[in-house]
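I have placed the structure first, in the form of C-alpha coordinates, so that the comments after it can refer back to it.
The values are calculated or read from the model by the stated rules, or taken from the named source; none is laboratory data. What you see is a predicted model, and the numbers here were worked out from it, not measured in a lab. Cβ atoms come from the backbone with ideal geometry, glycine included; neighbour counts cover every protein chain shown. Accessible surface areas use protein heavy atoms only, side chains included; no ligands, DNA or RNA. Shrake-Rupley method; radii C 1.70, N 1.55, O 1.52, S 1.80 Å.
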Amino acid sequence: MTFKDLGLIEPILRAVTEKGYISPTPIQEQSIPILLKKKDLLGCAQTGTGKTAAFTIPILQHLATEKQTSQRRQIKSLIVTPTRELALQIEDNIKEYGKYTSLKSTVIFGGVNQNPQVNRLRQGIDILVATPGRLLDLINQGFISLSQIEYFVLDEADQMLDMGFIHDIKKIIAKLPKERQSLFFSATMAKPIVDLSNQILGHPEKVTIKPEQTTADKVTQSLYMVSNEDKIKLLVELIAARNAKSVLVFSRTKHGANKVVKLLEREEINAAAIHGNKTQAARVKALNSFKDASIKVLVATDIAARGIDVSELELVVNYDLPNIPETYVHRIGRTGRAKASGEAVSFCSAEERSWLRAIQKLIKTDIPLVQDHPYHDTSPEEAPPKQGGGGGRRQGGGGKRPQRSSKPRR
Ligand code: AMP
(Lines give C-alpha, C1' and ligand atoms only; values in the text may rest on other atoms or scores of the structure.)
Protein backbone atom coordinates (compact mmCIF):
# COMPACT_ATOMS: atom_id res chain seq x y z
CA MET A 1 0.00 0.00 0.00
CA THR A 2 1.31 3.44 -0.92
CA PHE A 3 0.00 6.93 -0.14
CA LYS A 4 -0.95 7.20 -3.80
CA ASP A 5 -3.17 4.11 -3.47
CA LEU A 6 -5.03 5.94 -0.71
CA GLY A 7 -6.15 8.50 -3.27
CA LEU A 8 -4.32 11.53 -1.92
CA ILE A 9 -4.11 14.63 -4.05
CA GLU A 10 -0.78 15.61 -5.58
CA PRO A 11 0.13 18.55 -3.30
CA ILE A 12 -0.27 16.35 -0.23
CA LEU A 13 1.52 13.38 -1.82
CA ARG A 14 4.43 15.67 -2.62
CA ALA A 15 4.65 16.91 0.98
CA VAL A 16 4.42 13.39 2.41
CA THR A 17 7.15 12.16 0.05
CA GLU A 18 9.35 15.07 1.10
CA LYS A 19 8.86 14.04 4.72
CA GLY A 20 10.44 10.73 3.69
CA TYR A 21 7.39 8.57 4.34
CA ILE A 22 7.40 5.55 2.08
CA SER A 23 4.22 3.76 3.05
CA PRO A 24 1.29 4.55 5.32
CA THR A 25 1.31 3.19 8.88
CA PRO A 26 -1.54 0.80 9.84
CA ILE A 27 -3.67 3.55 11.35
CA GLN A 28 -3.20 5.69 8.24
CA GLU A 29 -4.00 2.80 5.94
CA GLN A 30 -7.20 2.05 7.84
CA SER A 31 -8.39 5.57 8.71
CA ILE A 32 -7.61 7.67 5.64
CA PRO A 33 -10.12 5.87 3.32
CA ILE A 34 -12.86 6.15 6.00
CA LEU A 35 -12.15 9.82 6.56
CA LEU A 36 -11.98 10.66 2.87
CA LYS A 37 -15.55 9.31 2.67
CA LYS A 38 -16.48 11.86 5.34
CA LYS A 39 -17.50 9.23 7.88
CA ASP A 40 -17.10 9.68 11.61
CA LEU A 41 -14.22 7.80 13.20
CA LEU A 42 -13.56 6.32 16.62
CA GLY A 43 -9.83 5.66 16.79
CA CYS A 44 -8.24 3.70 19.60
CA ALA A 45 -4.60 4.57 19.17
CA GLN A 46 -1.85 6.46 20.90
CA THR A 47 0.86 8.81 19.69
CA GLY A 48 3.66 7.03 17.90
CA THR A 49 1.30 5.24 15.52
CA GLY A 50 1.22 7.97 12.87
CA LYS A 51 -2.16 9.07 14.17
CA THR A 52 -1.61 12.77 13.50
CA ALA A 53 -1.10 12.27 9.77
CA ALA A 54 -4.06 9.87 9.75
CA PHE A 55 -6.44 12.65 10.72
CA THR A 56 -4.76 15.80 9.44
CA ILE A 57 -4.19 14.56 5.87
CA PRO A 58 -7.88 13.85 5.08
CA ILE A 59 -8.90 17.19 6.61
CA LEU A 60 -6.34 18.98 4.46
CA GLN A 61 -7.53 17.08 1.40
CA HIS A 62 -11.20 17.93 2.02
CA LEU A 63 -10.48 21.60 2.58
CA ALA A 64 -8.06 21.86 -0.34
CA THR A 65 -10.61 20.41 -2.75
CA GLU A 66 -13.66 22.24 -1.44
CA LYS A 67 -14.93 25.35 -3.16
CA GLN A 68 -14.48 28.53 -1.14
CA THR A 69 -17.99 29.75 -0.40
CA SER A 70 -17.18 33.03 1.27
CA GLN A 71 -14.61 35.72 0.60
CA ARG A 72 -13.27 35.63 4.11
CA ARG A 73 -11.56 32.54 5.49
CA GLN A 74 -13.58 30.94 8.25
CA ILE A 75 -12.51 28.25 10.64
CA LYS A 76 -13.70 25.03 9.04
CA SER A 77 -11.75 22.53 11.06
CA LEU A 78 -11.17 22.38 14.79
CA ILE A 79 -8.73 20.02 16.50
CA VAL A 80 -8.87 19.95 20.28
CA THR A 81 -6.03 18.37 22.21
CA PRO A 82 -5.14 18.39 25.93
CA THR A 83 -1.62 19.82 26.06
CA ARG A 84 0.28 22.70 24.53
CA GLU A 85 3.03 20.35 23.34
CA LEU A 86 0.58 18.17 21.43
CA ALA A 87 -1.18 21.21 20.02
CA LEU A 88 2.10 22.63 18.73
CA GLN A 89 3.09 19.31 17.20
CA ILE A 90 -0.22 18.80 15.46
CA GLU A 91 -0.03 22.26 13.96
CA ASP A 92 3.55 21.63 12.84
CA ASN A 93 2.35 18.52 11.06
CA ILE A 94 -0.53 20.38 9.41
CA LYS A 95 1.90 23.00 8.13
CA GLU A 96 4.18 20.30 6.75
CA TYR A 97 1.54 18.12 5.07
CA GLY A 98 -0.31 21.20 3.84
CA LYS A 99 2.71 23.15 2.61
CA TYR A 100 1.70 22.84 -1.07
CA THR A 101 -1.89 23.85 -0.42
CA SER A 102 -3.03 27.40 0.29
CA LEU A 103 -4.71 26.45 3.55
CA LYS A 104 -3.95 28.39 6.69
CA SER A 105 -3.76 27.02 10.21
CA THR A 106 -2.91 28.28 13.64
CA VAL A 107 -2.58 27.01 17.19
CA ILE A 108 -3.87 28.45 20.46
CA PHE A 109 -3.18 27.39 24.06
CA GLY A 110 -3.21 28.94 27.49
CA GLY A 111 -0.37 30.17 29.68
CA VAL A 112 0.81 32.77 27.17
CA ASN A 113 -0.40 36.20 26.10
CA GLN A 114 -3.48 35.86 23.89
CA ASN A 115 -2.80 38.86 21.65
CA PRO A 116 -0.48 37.21 19.09
CA GLN A 117 -2.98 34.34 18.86
CA VAL A 118 -5.89 36.74 18.35
CA ASN A 119 -3.93 38.57 15.66
CA ARG A 120 -3.33 35.37 13.75
CA LEU A 121 -7.02 34.45 14.05
CA ARG A 122 -7.99 37.86 12.67
CA GLN A 123 -5.99 37.20 9.53
CA GLY A 124 -8.36 34.32 8.75
CA ILE A 125 -7.57 30.63 9.11
CA ASP A 126 -9.03 27.35 7.90
CA ILE A 127 -7.77 24.96 10.57
CA LEU A 128 -7.51 25.68 14.28
CA VAL A 129 -5.61 23.51 16.77
CA ALA A 130 -6.51 24.36 20.36
CA THR A 131 -6.37 23.35 23.98
CA PRO A 132 -9.81 23.53 25.64
CA GLY A 133 -9.40 26.40 28.13
CA ARG A 134 -7.97 29.00 25.76
CA LEU A 135 -10.41 27.97 23.06
CA LEU A 136 -13.41 28.66 25.31
CA ASP A 137 -11.83 31.91 26.49
CA LEU A 138 -11.43 33.24 22.97
CA ILE A 139 -14.90 32.03 21.97
CA ASN A 140 -16.38 33.88 24.96
CA GLN A 141 -14.51 37.03 24.02
CA GLY A 142 -15.94 36.81 20.52
CA PHE A 143 -12.66 36.13 18.68
CA ILE A 144 -13.66 32.66 17.53
CA SER A 145 -16.86 31.30 16.05
CA LEU A 146 -17.39 27.58 15.63
CA SER A 147 -20.47 28.02 13.46
CA GLN A 148 -18.68 27.02 10.24
CA ILE A 149 -16.87 23.94 11.57
CA GLU A 150 -17.10 21.02 9.15
CA TYR A 151 -14.39 18.79 10.61
CA PHE A 152 -13.96 18.32 14.34
CA VAL A 153 -11.26 16.22 16.04
CA LEU A 154 -11.03 15.39 19.71
CA ASP A 155 -7.55 14.04 20.30
CA GLU A 156 -6.25 12.11 23.34
CA ALA A 157 -9.71 11.92 24.89
CA ASP A 158 -8.54 9.78 27.81
CA GLN A 159 -5.97 12.36 28.79
CA MET A 160 -8.60 15.09 28.48
CA LEU A 161 -10.73 13.30 31.03
CA ASP A 162 -7.75 12.61 33.30
CA MET A 163 -6.93 16.30 33.26
CA GLY A 164 -10.48 17.28 34.17
CA PHE A 165 -11.47 18.86 30.84
CA ILE A 166 -14.82 17.10 30.56
CA HIS A 167 -16.95 20.20 31.19
CA ASP A 168 -14.93 22.29 28.79
CA ILE A 169 -15.30 19.62 26.13
CA LYS A 170 -19.05 19.49 26.60
CA LYS A 171 -19.27 23.27 26.24
CA ILE A 172 -17.25 23.13 23.05
CA ILE A 173 -19.36 20.34 21.56
CA ALA A 174 -22.52 22.34 22.28
CA LYS A 175 -21.21 25.14 20.06
CA LEU A 176 -20.48 22.96 17.03
CA PRO A 177 -22.85 22.75 14.06
CA LYS A 178 -24.80 19.46 14.01
CA GLU A 179 -23.77 18.78 10.44
CA ARG A 180 -20.07 17.92 10.60
CA GLN A 181 -17.54 15.11 10.40
CA SER A 182 -16.24 14.11 13.84
CA LEU A 183 -13.14 12.18 14.81
CA PHE A 184 -12.41 10.92 18.28
CA PHE A 185 -9.09 9.45 19.41
CA SER A 186 -8.16 7.83 22.68
CA ALA A 187 -5.42 5.40 23.72
CA THR A 188 -7.84 3.62 26.05
CA MET A 189 -11.59 3.06 25.87
CA ALA A 190 -12.91 2.95 29.44
CA LYS A 191 -16.64 3.57 29.92
CA PRO A 192 -16.52 7.37 30.49
CA ILE A 193 -14.54 7.70 27.27
CA VAL A 194 -16.99 5.60 25.28
CA ASP A 195 -19.86 7.66 26.78
CA LEU A 196 -18.18 10.86 25.67
CA SER A 197 -17.54 9.48 22.19
CA ASN A 198 -21.25 8.65 21.88
CA GLN A 199 -22.09 12.29 22.48
CA ILE A 200 -19.76 13.44 19.73
CA LEU A 201 -19.96 10.84 17.01
CA GLY A 202 -22.81 9.76 14.75
CA HIS A 203 -22.38 6.18 13.54
CA PRO A 204 -18.63 5.96 13.55
CA GLU A 205 -16.31 3.48 11.90
CA LYS A 206 -13.86 2.06 14.40
CA VAL A 207 -10.12 1.62 14.07
CA THR A 208 -8.03 0.05 16.81
CA ILE A 209 -4.25 -0.04 16.82
CA LYS A 210 -2.85 -2.03 19.70
CA PRO A 211 0.12 -0.48 21.48
CA GLU A 212 2.08 -3.74 21.34
CA GLN A 213 1.82 -3.63 17.60
CA THR A 214 3.24 -0.14 17.45
CA THR A 215 6.05 -0.13 19.94
CA ALA A 216 7.27 -3.17 21.78
CA ASP A 217 8.06 -5.02 18.57
CA LYS A 218 10.52 -2.47 17.31
CA VAL A 219 12.10 -1.43 20.58
CA THR A 220 14.96 -3.29 22.20
CA GLN A 221 14.13 -3.38 25.88
CA SER A 222 16.39 -4.08 28.84
CA LEU A 223 16.11 -4.00 32.60
CA TYR A 224 18.61 -3.03 35.29
CA MET A 225 18.04 -3.79 38.97
CA VAL A 226 19.57 -0.82 40.70
CA SER A 227 19.08 1.05 43.98
CA ASN A 228 17.67 4.57 43.85
CA GLU A 229 21.02 5.99 44.98
CA ASP A 230 22.96 4.27 42.19
CA LYS A 231 20.55 5.17 39.39
CA ILE A 232 22.34 8.38 38.47
CA LYS A 233 25.75 6.67 38.20
CA LEU A 234 24.27 3.96 36.01
CA LEU A 235 22.58 6.57 33.81
CA VAL A 236 25.84 8.49 33.33
CA GLU A 237 27.67 5.29 32.43
CA LEU A 238 24.98 4.17 29.99
CA ILE A 239 24.98 7.51 28.20
CA ALA A 240 28.76 7.35 27.87
CA ALA A 241 28.79 3.69 26.81
CA ARG A 242 26.11 4.20 24.14
CA ASN A 243 27.62 7.50 23.02
CA ALA A 244 23.99 8.48 22.66
CA LYS A 245 23.15 11.86 21.17
CA SER A 246 19.52 12.09 22.24
CA VAL A 247 18.25 10.46 25.37
CA LEU A 248 14.78 10.88 26.84
CA VAL A 249 14.73 10.10 30.54
CA PHE A 250 11.45 9.55 32.39
CA SER A 251 11.00 10.53 35.97
CA ARG A 252 7.82 9.81 37.91
CA THR A 253 7.91 13.17 39.67
CA LYS A 254 8.69 16.79 38.81
CA HIS A 255 11.06 17.04 41.73
CA GLY A 256 12.85 13.88 40.59
CA ALA A 257 13.19 15.28 37.06
CA ASN A 258 14.87 18.45 38.35
CA LYS A 259 17.21 16.42 40.51
CA VAL A 260 18.34 14.19 37.63
CA VAL A 261 19.09 17.27 35.52
CA LYS A 262 21.18 18.76 38.31
CA LEU A 263 23.17 15.56 38.77
CA LEU A 264 23.75 15.15 35.02
CA GLU A 265 24.97 18.71 34.73
CA ARG A 266 27.41 18.03 37.53
CA GLU A 267 28.82 15.34 35.22
CA GLU A 268 28.95 17.88 32.38
CA ILE A 269 26.14 16.27 30.43
CA ASN A 270 23.81 18.87 28.93
CA ALA A 271 20.30 18.24 30.15
CA ALA A 272 16.97 19.98 30.71
CA ALA A 273 13.76 19.06 32.48
CA ILE A 274 10.26 19.34 31.08
CA HIS A 275 7.25 19.08 33.38
CA GLY A 276 4.10 20.84 34.48
CA ASN A 277 5.79 23.33 36.81
CA LYS A 278 7.94 24.78 34.02
CA THR A 279 6.67 27.80 32.16
CA GLN A 280 5.52 27.37 28.61
CA ALA A 281 8.57 29.30 27.40
CA ALA A 282 10.91 27.03 29.35
CA ARG A 283 9.21 23.92 27.99
CA VAL A 284 9.39 25.08 24.38
CA LYS A 285 13.03 26.10 24.84
CA ALA A 286 13.95 22.73 26.36
CA LEU A 287 12.15 20.83 23.61
CA ASN A 288 13.76 22.89 20.85
CA SER A 289 17.23 22.51 22.33
CA PHE A 290 16.64 18.79 22.49
CA LYS A 291 15.40 18.66 18.90
CA ASP A 292 18.36 20.61 17.55
CA ALA A 293 20.72 18.48 19.70
CA SER A 294 22.13 21.35 21.76
CA ILE A 295 21.14 19.35 24.80
CA LYS A 296 21.69 15.63 24.94
CA VAL A 297 19.28 14.57 27.65
CA LEU A 298 15.68 15.60 28.21
CA VAL A 299 14.23 14.56 31.55
CA ALA A 300 10.45 14.47 31.48
CA THR A 301 7.44 13.51 33.53
CA ASP A 302 4.76 11.47 31.81
CA ILE A 303 2.23 14.19 31.20
CA ALA A 304 4.84 16.57 29.79
CA ALA A 305 6.30 13.91 27.54
CA ARG A 306 3.09 12.60 26.09
CA GLY A 307 3.26 13.13 22.39
CA ILE A 308 6.83 14.40 22.28
CA ASP A 309 7.81 13.80 18.70
CA VAL A 310 11.53 13.72 18.19
CA SER A 311 12.70 11.77 15.21
CA GLU A 312 15.98 9.93 15.69
CA LEU A 313 15.40 9.45 19.39
CA GLU A 314 17.90 6.73 20.21
CA LEU A 315 17.35 5.90 23.80
CA VAL A 316 14.53 6.09 26.31
CA VAL A 317 15.45 5.53 29.95
CA ASN A 318 12.84 4.75 32.56
CA TYR A 319 14.77 6.24 35.44
CA ASP A 320 11.74 5.47 37.57
CA LEU A 321 9.25 2.82 36.59
CA PRO A 322 5.71 4.09 36.06
CA ASN A 323 3.09 2.98 38.58
CA ILE A 324 0.50 2.65 35.80
CA PRO A 325 1.63 -0.18 33.51
CA GLU A 326 0.18 1.30 30.30
CA THR A 327 2.44 4.29 30.83
CA TYR A 328 5.43 2.02 30.16
CA VAL A 329 4.10 1.31 26.68
CA HIS A 330 3.47 5.01 26.09
CA ARG A 331 7.00 5.85 27.23
CA ILE A 332 8.88 3.32 25.17
CA GLY A 333 6.75 4.33 22.20
CA ARG A 334 8.74 7.58 22.18
CA THR A 335 11.58 5.64 20.58
CA GLY A 336 11.16 3.20 17.73
CA ARG A 337 8.77 5.57 15.97
CA ALA A 338 7.45 4.88 12.54
CA LYS A 339 10.88 5.32 11.00
CA ALA A 340 13.50 3.90 13.29
CA SER A 341 13.99 1.17 15.79
CA GLY A 342 15.03 2.22 19.26
CA GLU A 343 16.19 1.16 22.66
CA ALA A 344 14.40 1.42 25.98
CA VAL A 345 16.26 0.85 29.24
CA SER A 346 14.42 0.53 32.55
CA PHE A 347 15.80 0.97 36.04
CA CYS A 348 14.04 -0.90 38.82
CA SER A 349 14.73 -0.38 42.51
CA ALA A 350 13.71 -2.79 45.27
CA GLU A 351 10.58 -0.75 45.89
CA GLU A 352 9.50 -0.67 42.23
CA ARG A 353 9.34 -4.44 41.71
CA SER A 354 5.58 -4.74 42.05
CA TRP A 355 5.23 -2.15 39.28
CA LEU A 356 7.68 -4.13 37.16
CA ARG A 357 5.51 -7.24 37.55
CA ALA A 358 2.43 -5.28 36.44
CA ILE A 359 4.28 -3.99 33.37
CA GLN A 360 5.56 -7.41 32.38
CA LYS A 361 2.08 -8.83 32.77
CA LEU A 362 0.68 -6.14 30.49
CA ILE A 363 3.29 -6.53 27.76
CA LYS A 364 3.22 -10.30 28.21
CA THR A 365 7.01 -10.59 28.25
CA ASP A 366 9.82 -10.44 30.74
CA ILE A 367 12.05 -7.51 29.95
CA PRO A 368 15.58 -8.95 29.47
CA LEU A 369 17.59 -8.40 32.66
CA VAL A 370 21.14 -7.06 32.50
CA GLN A 371 23.13 -8.13 35.55
CA ASP A 372 26.58 -7.50 34.29
CA HIS A 373 27.07 -4.01 35.70
CA PRO A 374 28.61 -2.64 38.91
CA TYR A 375 25.29 -1.48 40.42
CA HIS A 376 23.29 -4.71 40.21
CA ASP A 377 21.03 -4.62 43.25
CA THR A 378 20.03 -7.91 44.86
CA SER A 379 18.38 -6.48 47.98
CA PRO A 380 14.93 -7.87 48.84
CA GLU A 381 11.77 -6.29 47.51
CA GLU A 382 10.35 -3.33 49.42
CA ALA A 383 6.89 -1.77 49.52
CA PRO A 384 6.28 0.66 46.64
CA PRO A 385 6.71 4.40 47.27
CA LYS A 386 3.58 6.10 48.58
CA GLN A 387 1.52 7.91 46.00
CA GLY A 388 -0.23 11.19 46.61
CA GLY A 389 2.24 12.86 48.97
CA GLY A 390 5.29 15.12 48.60
CA GLY A 391 7.54 14.39 45.64
CA GLY A 392 5.71 11.18 44.86
CA ARG A 393 2.57 12.80 43.51
CA ARG A 394 1.15 11.64 40.28
CA GLN A 395 1.23 14.08 37.48
CA GLY A 396 -2.00 15.16 35.91
CA GLY A 397 -2.88 18.37 37.63
CA GLY A 398 -3.87 17.31 41.10
CA GLY A 399 -6.81 14.98 41.59
CA LYS A 400 -6.40 11.28 41.82
CA ARG A 401 -6.12 9.78 38.45
CA PRO A 402 -8.32 6.77 37.89
CA GLN A 403 -6.53 3.49 37.36
CA ARG A 404 -7.10 2.57 33.79
CA SER A 405 -9.22 -0.48 33.83
CA SER A 406 -9.83 -1.16 30.19
CA LYS A 407 -6.66 -2.18 28.53
CA PRO A 408 -6.01 -1.33 24.90
CA ARG A 409 -5.42 -4.95 23.99
CA ARG A 410 -7.31 -8.12 23.61
P1 AMP B 1 2.27 10.42 15.60
O2 AMP B 1 1.69 9.13 16.08
O3 AMP B 1 1.34 11.17 14.77
O4 AMP B 1 2.85 11.20 16.75
O5 AMP B 1 3.51 10.06 14.62
C6 AMP B 1 4.65 9.39 15.06
C7 AMP B 1 5.86 9.64 14.20
O8 AMP B 1 5.79 8.90 12.99
C9 AMP B 1 6.09 11.07 13.80
O10 AMP B 1 7.47 11.34 13.96
C11 AMP B 1 5.71 11.12 12.34
O12 AMP B 1 6.44 12.12 11.64
C13 AMP B 1 6.08 9.73 11.87
N14 AMP B 1 5.27 9.20 10.77
C15 AMP B 1 3.94 9.36 10.61
N16 AMP B 1 3.51 8.69 9.52
C17 AMP B 1 4.59 8.08 8.99
C18 AMP B 1 4.78 7.23 7.85
N19 AMP B 1 3.79 6.87 7.06
N20 AMP B 1 6.04 6.80 7.59
C21 AMP B 1 7.06 7.16 8.40
N22 AMP B 1 6.95 7.96 9.49
C23 AMP B 1 5.73 8.41 9.79
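What residue, of Leu154, Leu128, Leu146, is aliphatic (A, V, I, L, M) and within 21 Å of Ile193 (Cα to Cα)? Give the derivation first.
Details: Leu128 fails: within 21 Å of Ile193 (Cα to Cα); Leu146 fails: within 21 Å of Ile193 (Cα to Cα).
Going through Leu154, Leu128, Leu146 in turn, just one is aliphatic (A, V, I, L, M) and within 21 Å of Ile193 (Cα to Cα): Leu154.
Can you report the number of residues in the stretch 200-211 which are under 20 Å from the mean Cα position of the chain (by Cα), in a loop (DSSP other than H, G, I, E, B) and among the hydrophobic types (A, V, I, L, M, F, W, C)? Explain how you work it out, then say what you get.
First, pick out the residues of the stretch 200-211 that are under 20 Å from the mean Cα position of the chain (by Cα): 207-211.
Among the residues that remain, those that are also in a loop (DSSP other than H, G, I, E, B) are: 209-210.
Then drop every residue that is not among the hydrophobic types (A, V, I, L, M, F, W, C), which leaves 209.
Of the residues in that region, 1 qualify.
Ile108: open to solvent by less than 10 Å² (accessible area, probe 1.4 Å), more than 9 Å from the ligand (Cβ to nearest atom), closer than 21 Å to Met163 by Cβ and not basic (Lys, Arg), yes or no? Even if it seems obvious, please write down each step before you answer.
Values: open to solvent by less than 10 Å² (accessible area, probe 1.4 Å): yes; more than 9 Å from the ligand (Cβ to nearest atom): yes; closer than 21 Å to Met163 by Cβ: yes; not basic (Lys, Arg): yes.
Spelling it out, Ile108 is indeed open to solvent by less than 10 Å² (accessible area, probe 1.4 Å), more than 9 Å from the ligand (Cβ to nearest atom), closer than 21 Å to Met163 by Cβ and not basic (Lys, Arg).
Count, please, the residues in the stretch 153-205 that happen to be basic (Lys, Arg) and in contact with a helix residue (DSSP H, G or I) (Cβ under 8 Å, 6 or more places away or on another chain). I'd like the intermediate steps shown before the answer.
Restricting attention to the stretch 153-205, the residues satisfying the condition of being basic (Lys, Arg) are 170-171, 175, 178, 180, 191.
Going one step further and asking which of them are in contact with a helix residue (DSSP H, G or I) (Cβ under 8 Å, 6 or more places away or on another chain), we end up with 170-171, 175.
Count: 3.
Which condition breaks for Val194 when tested against (1) surrounded by fewer than 17 Cβ atoms within 10 Å (Cβ to Cβ); (2) outside the structural domain of Pro325 (by TED's automatic domain parsing); (3) in contact (Cβ under 8 Å) with a residue 12 or more places away in the chain?
That leaves (3) as the condition not met.
Could you list, in sequence order, the residues of the stretch 260-269 that are touching a residue at least 12 places away in the same chain (Cβ under 8 Å) and in a helix (DSSP H, G or I)?
Once the filter is applied, which keeps residues that are touching a residue at least 12 places away in the same chain (Cβ under 8 Å) and in a helix (DSSP H, G or I), the stretch 260-269 yields Val260, Val261, Leu263, Leu264.
Would you point out the residue of the stretch 281-311, among those that are charged (D, E, K, R) and under 19 Å from Gln46 (Cα atoms), that is modelled with the highest pLDDT? First the steps, then the outcome.
Residues of the stretch 281-311 charged (D, E, K, R): 283, 285, 291-292, 296, 302, 306, 309.
With the extra rule that they be under 19 Å from Gln46 (Cα atoms), the set shrinks to 302, 306, 309.
Details: Asp302: 79, Arg306: 59, Asp309: 63.
Checked the stretch 281-311; the qualifying residue modelled with the highest pLDDT is Asp302.
If you take the residues of the stretch 340-367 that are part of a helix (DSSP H, G or I) and under 24 Å from Val236 (Cβ atoms), which of them is farthest from the chain's Cα centre (by Cα)?
Filtering first and then ranking leaves Ala350.
Test of understanding: among Ala244, Ala281, Ala257, which residue is assigned to a helix (DSSP H, G or I), farther than 19 Å from Leu321 by Cβ and of a type outside the set (D, E, K, R)?
Within the list Ala244, Ala281, Ala257, the selection yields Ala281.
Every residue in the stretch 37-96 that is within 18 Å of Ile169 (Cα to Cα) and acidic (Asp, Glu), please.
Selection gives Asp40 alone.
Would you check which residues across the stretch 197-213 are at pLDDT below 90 and open to solvent by 20 Å² or more (accessible area, probe 1.4 Å) and list them?
Gly202, Lys210, Glu212, Gln213
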